[in-house]
Amino acid sequence: MSATVQPAQHRDADALTRIVRTSAAYAGGYQAMVADDTITTRYLEANRVRVARTDAGGIAGFTGVLVPGRGEPGEWELDYLFVADDVQGHGIGSLLLDDLCTEARAADVSRVHIVSHPPAEAFYLRYGARRVGTVPGGGSITWQRPHLLLDC
């Protein structure tokens, strides 16, 4: 599958929300975490959101980086990394992380904090992130989440 990563547009907000809310990775008990998530145009304007757009113009996945986020100056926090269910396993997640690190280096950012969905931790570790702790649950999130760091 071929995709190009580019900044998200206002018109992408509904599609991004749909990818989050329908993700098979959040089935069962994890569904509460994303059930009410809405990617708004305000979120798109306030944060760094980039989409993997297919040659046909569809959205294969996206990243959202909080501005500001967890960590020190010169560090970012990955808020979202989602790949559409129908294109998982085709390198889109790695493409998005490659793009994230390229963008980070261009902005003189050397480290990205990731509070991972527990089932996604292995993906980030394979990419080179390392576990530095856990983040306790709160609100609709009743489980601990791995806190990872990715050096770009």
Go through the range 85-116 and give me each residue that's small (Gly, Ala, Ser), in a helix (DSSP H, G or I) and over 17 Å from Leu16 (Cα atoms).
Ser94, Ala104, Ala106
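Residue under question is Arg11, and the condition is that it be assigned to a helix (DSSP H, G or I), modelled with pLDDT of 95 or more and either farther than 24 Å from Gly137 by Cα or among the small types (Gly, Ala, Ser) (or both); does it hold?
Values: assigned to a helix (DSSP H, G or I): yes; modelled with pLDDT of 95 or more: yes; either farther than 24 Å from Gly137 by Cα or among the small types (Gly, Ala, Ser) (or both): yes.
So Arg11 fits the description; yes.
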Might you check whether a residue that is part of a strand (DSSP E or B), out of contact with any helix residue (DSSP H, G or I) (no Cβ under 8 Å at 6 or more places or on another chain) and modelled with pLDDT under 95 occurs anywhere in the range 24-44?
no
May I ask you to list pairs of residues, at least six apart or on different chains, whose Cβ atoms are under 6 Å apart, with the first in the range 9-22 being in contact (Cβ under 8 Å) with a residue 12 or more places away in the chain and closer than 17 Å to Asp36 by Cα and the second being in a helix (DSSP H, G or I) and among the aliphatic types (A, V, I, L, M)?
Val20/Val34; Arg21/Val34
Checked against (1) touching a Lys or Arg at 6+ places or on another chain (Cβ under 8 Å); (2) within 23 Å of Arg21 (Cα to Cα), Leu149 satisfies every condition except (2)
Taking Ala120 as meeting all but one of (1) part of a helix (DSSP H, G or I); (2) without any contact (Cβ under 8 Å) to a residue 24 or more places away in the chain, write down the number of the exception.
(2)
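The values are calculated or read from the model by the stated rules, or taken from the named source; none is laboratory data. Predicted model, so just to flag it, every value in this text is computed and none were measured. Because the Cβ atoms are built from the backbone with ideal geometry, glycine has one as well, and the counts that use them run over all protein chains shown.
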